[in-house]
1. By how many degrees, between 0 and 90 and to the nearest 10, does the Cα long axis of helix 7-19 differ from the longest principal axis of the chain?
2. At 222 nm, what value in deg cm²/dmol follows for the chain if DSSP H runs of at least 4 each add -39500 (n - 2.57) and the sum is divided by all its residues, to the nearest 500?
3. If amide H atoms are built 1.01 Å from N in the plane of the peptide, which residues on other chains or at least 5 residues away come under 5 Å of the amide H of Arg53?
4. Stretch Val95-Ala117 to full length: gain in nm at 0.36 nm per residue minus the Cα-Cα span?
5. Tilt of helix 55-120 relative to the longest C-alpha principal axis of the chain, in degrees (0 to 90, nearest 10)?
6. Run the reach check for Lys112 against lysines, Cα to Cα strictly under 18 Å, same-chain hits fewer than 8 apart removed. What comes back?
7. Ranking Arg53, Arg69 by Cβ neighbours within 10 Å, fewest first, what do you get?
8. Pick the calculated semi-axes √(5λ) of the Cα gyration tensor in Å for this structure from [x] 62, 14, 10; [y] 22, 17, 13; [z] 18, 16, 14?
Amino acid sequence: MKQVLTPEDINCLEEKLKAASPAPWKVVEEENVETAWVSPDIDGNPVALFDYRSGEQNKADAHFVVYSRNYMSVLISEIKTLRRRILELIQSNNVEVQRRMDLQTELSELKKLMQDANESK
């Protein structure tokens, strides 16, 4: 399993999200029934049936799918926002490091000038 999402992975997720039935989705379940359905709220027609495990597991899996679908756009947006912010901070830090290096060079030059002036006296 991948440990890092590439920009291509993010784009692929966005494409799959756009192709899926619109959110929000909901779980349709009954207390004493082993199966669970996943359905978009717009028309009530199920998009998935969870039926091959225990009732508790089927319902847990259905709720996971629903929450994943309902929050996927938020997660993708958050990833993009955080990555942009990280790049901004790195660029800002690079500018600051360069400024400090320039000041250090200038200080060294001034020290050399002062040393030369003191030696010529």
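Every number in this text was worked out from the coordinates using simple rules, so none of it is lab data. All of these numbers come straight from a predicted model, not from anything done at the bench. Every residue, glycine as well, gets a Cβ built from its backbone with ideal geometry; the counts of neighbours run over all protein chains shown.
1. The angle comes out at about 30 degrees.
2. Working: 2 runs with 79 residues, N = 121.
Helices in the chain give a 222 nm mean residue ellipticity of -24000 deg cm²/dmol.
3. Answer set, sorted by chain and number: Asn58.
4. 4.6 nm
5. 0
6. Leaving aside lysines fewer than 8 places away in the same chain, those within reach of Lys112 are Lys121.
7. Values: Arg53 13, Arg69 21.
The most exposed by this proxy come first: Arg53, Arg69.
8. The calculated read-out lines up with [x].
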